[in-house]
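The values are calculated or read from the model by the stated rules, or taken from the named source; none is laboratory data. Note that the coordinates shown come from a computational prediction; the quantities given were computed from them, not determined experimentally. Please note: Cβ atoms are built from the backbone with ideal geometry, for glycine as well, and neighbour counts cover all protein chains shown. For the accessible areas, the whole protein counts, side chains as well, though only heavy atoms, and no ligand, DNA or RNA atoms are used. Shrake-Rupley method; radii C 1.70, N 1.55, O 1.52, S 1.80 Å.
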Amino acid sequence: MEVDRDTVGAGPLRVGAVSYLNTKPLVHRLGEFAPQATLSFDLPSRLADDLAADRVDVALIPSIEMFQDPAYSIVSDACIACRGPVLSVKLFSRVPVKQIRTLALDEGSRTSAALVRILLKHRHDLEPLLEPLPIGCSLADTSADAVLLIGDRAIHSPVGEFAAVWDLGDEWSRWTGLPFVFAMWTARAGVPLHGIDVALAPPATPDWLTCRRSLSASRRTWDSPCPSASAICVTTFTFTMASRNAADFSCSTSTRPNSTWHRWEWTLDSTIAKLLDKAIDGGRLTPDEGLALLESNDLAALGAAADAVSRRLHPEPYRTYNIDRNINYTNVCTAVCDFCAFYRPPKHDEGYVLDRDVLLEKVAETVELGGDQILMQGGLHPTLTLEWYEELLQDIKSHFPHVNVHGFSPPEIHHFTKVAKLPLRTVLERLRDAGLGSLPGGGPKSSSTGSARTSPAARCSATTGSTSVAFGTNWGAAVRRR
């Protein structure tokens, strides 16, 4: 980080930083870049009081406090924020969430206190009675139905049984699809910064690597009993803001935040942001663009973009799932794939083909547990005929007519055509008529040019033409050969 040392710390600027472990990166090497600034540590809520009372000039205060005084200004893009789980801001509830009537709020919290009230009000229509939880007190010191904890004591989860535990960063992200800013560097009106805003700016990537090693090496000096605490503080939090527009920050309990995708919220490389925008708008990504997203290493941004696509295609406020079971009817296989630990060659002592009664018992167990589908796959058995597979499907459907059979990967189907010496369409139609409901994927994801010798997935894509066969009314599948 390049800083003009002649301008930084020209006056006795008083800087207040948060004492929690996970905020250490924000003041890492501050003494080197601003040697004349005085640095003190305290709780976020107390820093807000100090800033208002002119006891500090610049402080890392709760974001909700920044908006309480129009004369305050944000002095740096560095902040405490998250895009998903935050780990250090949690609600511990002794009762089911809908039964919360009393809530104890961590004394050090203000933004988090507002956030948990927003979540309870707008997601569960709850406005519990509030009580403070002083810093020196533990959960045992309050009988409240739920307790909000922040900082180090939230990271080290308290002992006890809880009906629900909320990570507020995760709950916010799931509810809105947005990141959340907990605290930001703020200055009072008229305070000469003397370059402290530059010193507090987010450091460059190489400096972050140095910071992480320094955090790990000095973990015990922060009185943290958690071996992974230093990793938490540099991998869980986001330390930059993409916008300083106060109007975009929602802290009102009167309206639910917009759950649509907000492009400005993500501090992404511009190329990656454009690719996500393209996908969200319905554009088709090229293989190279998909690889770029894979290598971007921002799972939260990819997840939020995927959720935006899902909501565009399916705006209804629910998602569905089914319960199924994977049954491997045989492990005998002639493919000899180097990466497979499951298969056994023909005549091997550990090779098996499930007895029909055993297989039907497995289906019955699934149905008893509420299952309605069987994922059935196995090896490429050299002697099982197409008629054997037809009888298997017929037996399953005769005993369990409502169970969908989701079976046989493309390599298996290709193998069936070779054993039966029949066209692909004929094999698919016969399996469908016997009871096959749908086809899973599988096989091609593990093939490559170099593995064509051993991978049936590589071999079954060698021919040309296309075949499409419809499967049922509720289940659809198409097989395409190129």
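Within region 286-301, count every residue that is open to solvent by 50 Å² or more (accessible area, probe 1.4 Å) and either in contact with a helix residue (DSSP H, G or I) (Cβ under 6 Å, 6 or more places away or on another chain) or in a helix (DSSP H, G or I) (or both). Total meeting the criteria: 5. Hey, any hits in region 95-107 for a residue that's closer than 22 Å to Ala187 by Cα, open to solvent by less than 10 Å² (accessible area, probe 1.4 Å) and in contact (Cβ under 8 Å) with a residue 12 or more places away in the chain? No.
Total residues in region 90-112 satisfying the condition of being modelled with pLDDT of 90 or more, β-branched (Val, Ile, Thr) and either farther than 21 Å from Glu161 by Cβ or assigned to a helix (DSSP H, G or I) (or both): the figure is 1. Being at pLDDT 80 or above and either out of contact with any strand residue (DSSP E or B) (no Cβ under 8 Å at 6 or more places or on another chain) or part of a strand (DSSP E or B) (or both) holds for only one residue in Leu126, Leu115, and it is Leu126. For Val358, which of the numbered conditions (1) crowded, with 17+ Cβ neighbours inside 10 Å; (2) within 17 Å of Asn328 (Cα to Cα); (3) β-branched (Val, Ile, Thr) fails to hold? Of everything listed in (1) crowded, with 17+ Cβ neighbours inside 10 Å; (2) within 17 Å of Asn328 (Cα to Cα); (3) β-branched (Val, Ile, Thr), Val358 misses just condition (1).
From the list Gly379, Gly371, the one residue that fits, being in a loop (DSSP other than H, G, I, E, B), open to solvent by less than 20 Å² (accessible area, probe 1.4 Å) and over 16 Å from Ser409 (Cα atoms), is Gly371. Residues of region 129-162 that are at pLDDT 85 or above, charged (D, E, K, R) and farther than 13 Å from Ser93 by Cα: Glu131, Asp141. Sub-8 Å Cβ pairs linking a first residue in region 43-71 that is more than 16 Å from Val27 (Cβ to Cβ) and touching a residue at least 12 places away in the same chain (Cβ under 8 Å) to a second residue that is in a loop (DSSP other than H, G, I, E, B) and of a type in the set (S, T, N, Q), at least 6 apart or interchain, are Ser45/Ser109; Pro62/Ser109, ordered by first then second residue. The residue that is most open to solvent (accessible area, probe 1.4 Å), among those in region 382-423 that are among the aliphatic types (A, V, I, L, M), farther than 14 Å from Leu436 by Cα and part of a loop (DSSP other than H, G, I, E, B), is Leu422.
Within region 67-94, track down each residue that is hydrophobic (A, V, I, L, M, F, W, C), surrounded by fewer than 18 Cβ atoms within 10 Å (Cβ to Cβ) and either farther than 22 Å from Trp172 by Cβ or touching a Gly at 6+ places or on another chain (Cβ under 9 Å) (or both). Hit for region 67-94 is Ala71, nothing else. Restricting attention to region 302-329 and to residues that are assigned to a strand (DSSP E or B) and touching a Lys or Arg at 6+ places or on another chain (Cβ under 9 Å), the residue that is surrounded by the most Cβ atoms within 10 Å (Cβ to Cβ) turns out to be Ile327.
Every residue, every condition in (1) open to solvent by less than 40 Å² (accessible area, probe 1.4 Å); (2) over 21 Å from the mean Cα position of the chain (by Cα), yes or no:
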{"position": "Val116", "(1), (2)": "yes, no"}
{"position": "Leu119", "(1), (2)": "yes, no"}
{"position": "Arg123", "(1), (2)": "no, no"}
{"position": "Pro128", "(1), (2)": "yes, yes"}
{"position": "Leu139", "(1), (2)": "yes, yes"}
{"position": "Ser143", "(1), (2)": "no, yes"}
{"position": "Ala154", "(1), (2)": "yes, no"}
{"position": "Pro158", "(1), (2)": "yes, yes"}
{"position": "Ala164", "(1), (2)": "yes, no"}
